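Just below is one structure, and these are the notes that go with it.
The values are calculated or read from the model by the stated rules, or taken from the named source; none is laboratory data. Since this is a predicted model, take the numbers as computed values, not measurements. Note that we place each Cβ from the backbone using ideal geometry, even for glycine, and neighbour counts take in every protein chain shown.
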Amino acid sequence: MRIICPVKRVPDTAAEKKVTDDLTVDRDSVEAILNANDEWSIEEAMRIKESRSDVEVIALCMGPESAQQTVRKALSYGLDGAIQITDPAVAGSDATATARVLAAALKDEDFDLIIMGNQSSDARSMLVPAMLAEYLDVPALTYAKRLAVGEDGSVEADRETSGGHETVQTTLPAVVSVVEAINEPRYPSFKGIMAAKKKPLETKDLAAIGLSADDAGHAGSATKVLEATPKPPKQAGDKVEDDGSGQVGAKALVDFLVAKKFI
Amino acid sequence: MTDILVLVEHDEGTPKKVSNQILTAAKTVGDGDVIAAIFGAGAAGAADKVGEFGASKALVWEASEATDYATEPKVAALQAAIEASGATVVLYAADPFVTDVVARTAIRVGGGVVADAIDLELAGDRMVATKAIFGGDMNSKCQVEGDRVQFIGVKANSFQAESSGGGAAEVVTLDVTLPESATRAKITDVVQAESSGRPEMTEAAIIVSGGRGLGDADGFDLVGQLADALGGAVGASRAATDAGWIAHNHQIGQTGKTVSPQLYLANGISGAIQHRAGMQTSQTIAVINKDAEAPIFSIADIGIVGDLYKVIPPLVEEINKRKG
Ligand SMILES: Cc1cc2nc3c(=O)[nH]c(=O)nc-3n(C[C@H](O)[C@H](O)[C@H](O)COP(=O)(O)OP(=O)(O)OC[C@H]3O[C@@H](n4cnc5c(N)ncnc54)[C@H](O)[C@@H]3O)c2cc1C
Ligand SMILES: Nc1ncnc2c1ncn2[C@@H]1O[C@H](COP(=O)(O)O)[C@@H](O)[C@H]1O
């Protein structure tokens, strides 16, 4: 079985972010990391790999040349190899263009299962998994908090809902996106980090996956950002020190809630 | 004139609050007809209630496939609704499962998607969406380009639902042909963990949340009492969900839900950037935290420096007393 884990290079959320002149995230100004949600998909793929003998796990990343760091990080968890799509024309891709590129990268690849994070911490669109599934014409079991893949090619997932979950069954090939509750990701081992440096990493440009510059980046995107403006920092309101009994704090809050018509 | 199709979510025939808000928004910002698309068991019942919020027509598809199989039957239905209505703008509730339906439909019909709009304006035939980016530090305006169907996801509580004074919507049964692939992912079980009677967190007007400061799972009983007194939902920080005090679907933040209620009341939450990313756009923020230096105070409209176990009980008592 061959599992693909799409992984994204994202700016660290903990860092201050800027936008560039073309209104996309300025990826050079902040430290970039592996999208946190993609650690759960990698963990889930590794657990499947470790539970049987025939599994190969491959990372797939669309991003700038520097995304190689992110791909190596992904490999350090024990994956078998990676495909990186790098081309000047992919910069500024929206969800549609990203999914188109990822799908094109898989056109000539064998895959049975694609496991991905449910969202990226920068775009936060949650669109790419379902769009990728649509381009590949396979079912998508998204927001999985439990995943079971049978030797017979059956797939069952519990999809997290607002009040619980729904269980969905399908057969491979399929896309699965996972939420945080699915597992506790491991840390890469020292051995894994060393081995990652020697794992096969194939870098391809758009032409190599049968796309032209118009299929990706701003030209290939269906959406456009017109403007991006910082919000003025919020003015903190009153701070009331309770006297230790709770009464002072409770009274201040009640007065506030009444004034704001919440009570 | 730009006709707007609104994908209406409902609970067995009762439209969700967020859908009434979106219908109102479509009626207010739009210059053409508002058409509702309603799928699944009870859709016809919901269709009777969308006229009140401005829909002149409701396209209804009640087939059981809508709820027996994941996502793809609704994709076929939404495609049929777009074709039947001729609408070029589709508004939908920015909720994960709905987002899946829209994402696939957009690829199928050659559309573009802007997710998570908090404001809308119509510029000519373009729906321009305002969305919060970088966890609410910035706002951006986005639109779908070119000759594509424009799908815009609208966040709950961005608009107020208001009766349009219009009459009932004309109800039309939608003719949907399902491709064989539509039934390849079967829903075998639906588990509703809680029947707390509380509103759904993502569309609640008031959210009372708890973090590590609660100390243990029982702390959520207290948070729940406050939520019930205010008629709100219960949320949590990752520290609380990680500890297993409450299920992950209550988590608010970067790797949980993004909410923007009218009131967010945080108890025992420090306000880490990853938490703020999920609640910063709330209209009013109130805080109870015993550490006066906690970063969450910097975004609070009112902050109580105190022990939540001391402050919440008299608070609940006073609120209940005032409610009579
Ligand atoms: C990749 C990544 C993703 C993340 N995603 C999320 C996310 O989605 N959501 C999220 O919330 N976090 C997320 N986090 C975690 C985040 O960084 C913080 O660790 C977390 O939000 C802390 O939760 P907390 O505020 O409840 O706990 P703490 O930071 O420990 O704060 C507890 C607070 O409670 C106060 N307190 C203690 N006792 C009392 C009392 N008796 N009365 C009143 N106050 C009291 C303390 O003063 C303190 O301020 C993420 C982190 C990473 C790295
Ligand atoms: N540029 C990219 N390269 C590889 N995978 C991506 C990329 N962008 C998004 N993804 C995948 O799509 C998931 C959801 O991202 P998003 O739809 O942007 O919220 C991520 O967790 C990744 O698995």
Pick from B:Ala272, B:Ala236: which is modelled with pLDDT of 95 or more, surrounded by fewer than 20 Cβ atoms within 10 Å (Cβ to Cβ) and under 24 Å from A:Lys145 (Cβ atoms)? B:Ala272
Go through the residues of region B:290-304 one by one and say whether even a single one is of a type in the set (Gly, Ala, Ser) and buried (at least 24 other Cβ atoms within 10 Å of the Cβ). yes
Quick one: B:Cys142 ticks every box in (1) at the interface with another protein chain (Cβ under 7 Å from one of its Cβ atoms); (2) closer than 30 Å to A:Asp12 by Cβ; (3) assigned to a loop (DSSP other than H, G, I, E, B) except a single one, so which number is it? (3)
Which of the residues belonging to region A:115-157 are polar (S, T, N, Q), more than 7 Å from chain B (Cβ to nearest Cβ) and within 15 Å of the chain's Cα centre (by Cα)? A:Asn118, A:Gln119, A:Ser120
How about region A:191-212: which of its residues are of a type in the set (D, E, K, R) and in contact (Cβ under 8 Å) with a residue 24 or more places away in the chain? A:Lys197, A:Lys199, A:Glu202, A:Lys204, A:Asp205
Filter result for A:Glu160 (more than 20 Å from A:Lys8 (Cα to Cα), within 16 Å of ligand 1 (Cβ to nearest atom) and within 18 Å of the chain's Cα centre (by Cα)): yes
Among the residues of region A:80-94, count how many are under 27 Å from A:Ser51 (Cα atoms) and more than 17 Å from the chain's Cα centre (by Cα). 2
Filtered residues of region A:48-92 (kept if more than 17 Å from A:Thr203 (Cβ to Cβ), touching a helix residue (DSSP H, G or I) at 6+ places or on another chain (Cβ under 8 Å) and outside any strand (DSSP E or B)): A:Val55, A:Ser76, A:Tyr77, A:Gly78, A:Gly92
Looking only at region B:235-272, filter to residues that are within 16 Å of ligand 2 (Cβ to nearest atom) and touching a residue at least 60 places away in the same chain (Cβ under 8 Å); which one of those is farthest from the chain's Cα centre (by Cα)? B:Gln254
If you go through region A:182-190 one residue at a time, do you hit one that is under 20 Å from the mean Cα position of the chain (by Cα) and free of Cβ contacts under 8 Å to residues at least 60 places away in the same chain? yes
Check every one of the helices (runs of 4 or more DSSP H) wholly within region B:1-98 and list those with 2 or more residues that are out of contact with any strand residue (DSSP E or B) (no Cβ under 8 Å at 6 or more places or on another chain). B:17-29, B:72-85
Filtering region B:1-19 for residues that are surrounded by fewer than 24 Cβ atoms within 10 Å (Cβ to Cβ) and within 24 Å of B:Ala106 (Cα to Cα) leaves a count of 6
Wholly within region A:112-167, which strands (runs of 3 or more DSSP E) include no fewer than the required count, namely at least 1 residues that are small (Gly, Ala, Ser) and within 8 Å of ligand 2 (Cβ to nearest atom)? A:113-117
With the requirement that a residue be surrounded by fewer than 24 Cβ atoms within 10 Å (Cβ to Cβ) and either within 14 Å of chain B (Cβ to nearest Cβ) or touching a Lys or Arg at 6+ places or on another chain (Cβ under 6 Å) (or both), what does region A:44-62 give you? A:Val55, A:Glu56
So A:Glu56 clears everything in (1) of a type in the set (D, E, K, R); (2) under 17 Å from the mean Cα position of the chain (by Cα); (3) more than 16 Å from ligand 1 (Cβ to nearest atom) except one condition, right? Which one? (2)
Restricted to region B:98-134 and to residues being without any contact (Cβ under 8 Å) to a residue 60 or more places away in the chain and surrounded by fewer than 19 Cβ atoms within 10 Å (Cβ to Cβ), the residue nearest to B:Pro73 (Cα to Cα) is B:Arg108
Check whether at least one residue in region B:204-227 is surrounded by fewer than 24 Cβ atoms within 10 Å (Cβ to Cβ), part of a helix (DSSP H, G or I) and at the interface with chain A (Cβ under 9 Å from one of its Cβ atoms), and report yes or no. no
Considering only residues that are closer than 30 Å to A:Asp158 by Cβ and away from every other protein chain (no Cβ under 14 Å), look in region A:170-218 and name the one that is surrounded by the most Cβ atoms within 10 Å (Cβ to Cβ). A:Pro188
Within region A:97-114, is there a residue that is more than 17 Å from the chain's Cα centre (by Cα) and within 16 Å of ligand 1 (Cβ to nearest atom)? no
Any residue at all in region B:177-186 that is assigned to a loop (DSSP other than H, G, I, E, B) and under 20 Å from B:Lys257 (Cα atoms)? no
